[in-house]
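A short worksheet on the structure shown next.
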Amino acid sequence: MPAPTSDPAPDPTGRFRLVPAAYVLLRRGDEVLLQLRRNTGFMDGHWATAAAGHVEADESVLAAACREAAEEIGVTIDAADLAPLTGMHRTRGNHRSVDERVDFFFECRRWTGEPRLVEPEKAADLRWFALDALPDPVVPHERYVFDRLRDGDLPPVVTFGF
């Protein structure tokens, strides 16, 4: 029996497969909370949205956003406090289903608890940054959203990598 892979076999119908993810931009005035990634295997050493992750089976994107905020930064968010920012359809152009994504970005300005690093093995730091003074480097597709949010020209749907 062949060993399982992390990238499922292509859909036999030839349909495009997407991996959905939820991103929660905690906002405090003009600042956004970012974490410095480490030991994840993806964009380690880059600053990223403090709470983000895959939508799990039988989970809505809103539930995923709230769950990720609790798991990664220890805050409780009510789904009603998630304001949709944009949906991003992105690719790495390699035809691997794991790299074909649809990302839902939400802004949240109200939560319960003090944000903290809950998973220090996956994040080296957690800090607030003004949108006009972001650290370097930032995960590129997230930087794309932050820059447009800062400039006031973030459309409801964007693409990245096509």
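The values are calculated or read from the model by the stated rules, or taken from the named source; none is laboratory data. Predicted model only: the values in this text are computed from it and were never measured. Counting neighbours? That spans all protein chains shown, and the Cβs are built from the backbone with ideal geometry, glycine included.
Would you confirm, using the coordinates I've provided, whether residue 102 is among the aliphatic types (A, V, I, L, M), over 16 Å from residue 32 (Cα atoms) and either touching a Ser or Thr at 6+ places or on another chain (Cβ under 7 Å) or in a loop (DSSP other than H, G, I, E, B) (or both)? No, not satisfied. Picking from 109, 96, 90, which residue would you name as being basic (Lys, Arg), surrounded by fewer than 13 Cβ atoms within 10 Å (Cβ to Cβ) and either in contact with a strand residue (DSSP E or B) (Cβ under 9 Å, 6 or more places away or on another chain) or in contact (Cβ under 8 Å) with a residue 40 or more places away in the chain (or both)? Unique residue meeting the criteria: 109.
Out of all the residues in segment 23-59, which are in a loop (DSSP other than H, G, I, E, B) and within 13 Å of residue 130 (Cβ to Cβ)? Can you show your working first?
Restricting attention to segment 23-59, the residues satisfying the condition of being in a loop (DSSP other than H, G, I, E, B) are 29-30, 38-46, 50, 55-59.
Selection gives 29, 30.
The residues on offer are 27, 116, 109, 37, and the sole one that is more than 25 Å from residue 17 (Cα to Cα), of a type in the set (Lys, Arg), in contact with a Cys (Cβ under 9 Å, 6 or more places away or on another chain) and modelled with pLDDT of 95 or more is 27. Selection over segment 111-162 of residues that are over 13 Å from residue 88 (Cα atoms) and of a type outside the set (S, T, N, Q) gives a count of 34.
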